[in-house]
Amino acid sequence: MWSCSVSMSDNKKRCFVYLLHCGDDSFYCGWSNDVLARIRAHQSGHGAKYTRSHQPVEIVYLEECTDTSSALRREAALKKLSHEEKLRLITVSKEQTFCYLRELAFPEG
């Protein structure tokens, strides 16, 4: 099991950029300040038009940004990556993604 050492922001609206792996092996990139709700929306077919037609989707990358503006910039940068570059990013960031998701799902520990 991983030892989580990511530092989560306190007392502010948290913004995240994320990558979803879609059923056709494509990736969808987005950002949210309520990432768990947004992922549920994508998974239930109520998210973006793209993910509605590329089910199922699975969260594979999650990165906290300092604010909305930086999340939008990071989203734009991730969208420019090739499929292979996204795969490398996901591979090296698995522990960070797991830790963020665990902290969001179970904020008390």
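The values are calculated or read from the model by the stated rules, or taken from the named source; none is laboratory data. Model, not experiment: these values are computed from the prediction. As a convention, Cβ positions derive from the backbone with ideal geometry for all residues, glycine included, and neighbour counts pool all protein chains shown.
Looking only at residues in region 5-46 that are surrounded by 15 or more Cβ atoms within 10 Å (Cβ to Cβ) and assigned to a loop (DSSP other than H, G, I, E, B), the one that is modelled with the highest pLDDT is N33. Here is the figure for region 50-109: residues that are without any contact (Cβ under 8 Å) to a residue 24 or more places away in the chain and of a type in the set (D, E) total 3. For region 40-76, a tally of residues being closer than 15 Å to H21 by Cα and among the hydroxyl-bearing types (S, T, Y) returns 5. For H54, the test of being in contact with a helix residue (DSSP H, G or I) (Cβ under 9 Å, 6 or more places away or on another chain) and in a loop (DSSP other than H, G, I, E, B) is failed.
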